[in-house]
Amino acid sequence: MRSTAWRWLSGLALAGLVGIALALRNHFDAAALQAWIESAGAAGPVVFIAIYAAATVLFLPGAVVTLAGGALFGPVWGTLWN
């Protein structure tokens, strides 16, 4: 019983996050992502990888994140982090 409640709660949370991501997808652009990653300093690649993973799960446009990775880290490191 406890496992079933946890599954429902997790499913509802994921559905809510997907809904928010879809509603705000027009505000998701490469310039905002670049500013946020650059402000992270040395932890920038780790933050970028976390953002990329979250964007994949939340159905955000992957092309924006992929292009931002290349612009932020260059062609070699951008490919690795993507």
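Taken together, the values in this text are just the output of simple stated rules run on the coordinates, not laboratory data. Being a predicted model, the structure only gives us computed values, none of them experimental. FYI the Cβ positions are ideal-geometry reconstructions off the backbone, even for glycines, and counts take in every protein chain you see.
Data overview
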| quantity | calculated |
| --- | --- |
| Surrounding net charge for Ile51, when Lys and Arg each add one and Asp and Glu each subtract one, Cβ distance under 15 Å | -1 |
| Entry for semi-axes √(5λ) of the Cα gyration tensor in Å (calculated from the structure that is shown) out of (i) 20, 15, 10; (ii) 58, 22, 5; (iii) 29, 14, 11 | (iii) |
| Theoretical ellipticity at 222 nm over the chain - DSSP helices of four or more residues, -39500 (n - 2.57) apiece, nearest 500 | -26500 deg cm²/dmol |
| Sequence-distant residues sharing a close amide H with Leu60 (under 5 Å, placed H) | none |
| Cβ crowding within 10 Å averaged over residues, with 39-48, 68-77 ranked highest first | 68-77, 39-48 |
| Derived scalar couplings ³J(HN,Hα) [the range 44-59; Karplus, 6.51 cos²θ - 1.76 cosθ + 1.60; whole Hz; x for Gly, Pro] | x, x, 5, 5, 4, 5, 5, 5, 4, 5, 5, 5, 5, 5, 8, 6 |
| FRET efficiency estimate (nearest 0.05) - Cβ-Cβ, Val64 to Ala35, R0 22 angstrom | 0.95 |
